Amino acid sequence: MEQQRIGRREAVSEHKRGLILAAAREVFEAEGLEGASLRAIAARAGYTPAALYFHFDSKEMIYAEVLRASLSALGDAVQAAVAKSKEPGDRLRAAALGFFRFYAENPRDLDLGFYLLRGGMKPAGLGKERDEQLNAALEAALHPIAAAAVDLGASEADANLVMVDVFAHATGLLLLLHTGRIRMFSASASGLMEDYLRYRMARIGG
């Protein structure tokens, strides 16, 4: 009986935690990290601010949890895309496009991922340890790009540069896509991403 009671308490606690995170995501999407407050998150979740402290010690901790879930979904999307391909070139292309399409279809996740840009050129971040963990999660989602580049003949160092290069190019195009600026050039963000990948892959091992 005691184990059942503990199990029920844990289930209730996890349910409340999930409600808080869902509410927090909505607040962060609307207000950003700087504009959000624990009071607003609590109100959206239907709890008091004091109740939030039972689960989270700060809004930065909540944001980190929301972003961690987003990056996990990104990693799953990239892995699912890569799983359909066998050849290294196909895997690199699939991983890169999996990354691009996830954020093309989920612009609010892109906003969450670039929280550091909201604070200007010297953002406060979420704390050294959390920032390192989240950066590691992003790198893990991007790693299939580097792994495929190695299989195509790139050195470890060059493969890492390919991964960073693809990340930078994709995020630039996503910024143009989601701000509508891509229309200024009468261009397709996805088409430009495809063109870039053909160009970049042709240079590997060259």
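The values are calculated or read from the model by the stated rules, or taken from the named source; none is laboratory data. Here the structure is a predicted model, which is why all the values come from computation and not from measurement. For neighbour counting, all protein chains shown are included, and Cβ atoms are generated from backbone atoms with ideal geometry for every residue, glycine included. Remember, those area values only see protein heavy atoms, side chains included, never the ligands or the DNA or RNA. Shrake-Rupley method; radii C 1.70, N 1.55, O 1.52, S 1.80 Å.
Of all the criteria given as (1) surrounded by 13 or more Cβ atoms within 10 Å (Cβ to Cβ); (2) without any contact (Cβ under 8 Å) to a residue 12 or more places away in the chain, the one not satisfied by L52 is (2). Helices (runs of 4 or more DSSP H) fully within region 76-188 that include at least 3 residues being open to solvent by 70 Å² or more (accessible area, probe 1.4 Å): 88-105, 128-151, 156-179.
Results for (1) in contact with a helix residue (DSSP H, G or I) (Cβ under 6 Å, 6 or more places away or on another chain); (2) modelled with pLDDT under 90; (3) among the acidic types (D, E); (4) farther than 22 Å from L152 by Cβ, shown as yes or no for each residue.
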| position | (1), (2), (3), (4) |
| --- | --- |
| P49 | yes, yes, no, yes |
| Y53 | no, yes, no, yes |
| Y63 | yes, no, no, yes |
| S70 | yes, no, no, yes |
| L74 | yes, no, no, yes |
| A80 | no, no, no, no |
| K86 | no, no, no, no |
| R91 | yes, no, no, no |
| A96 | yes, no, no, no |
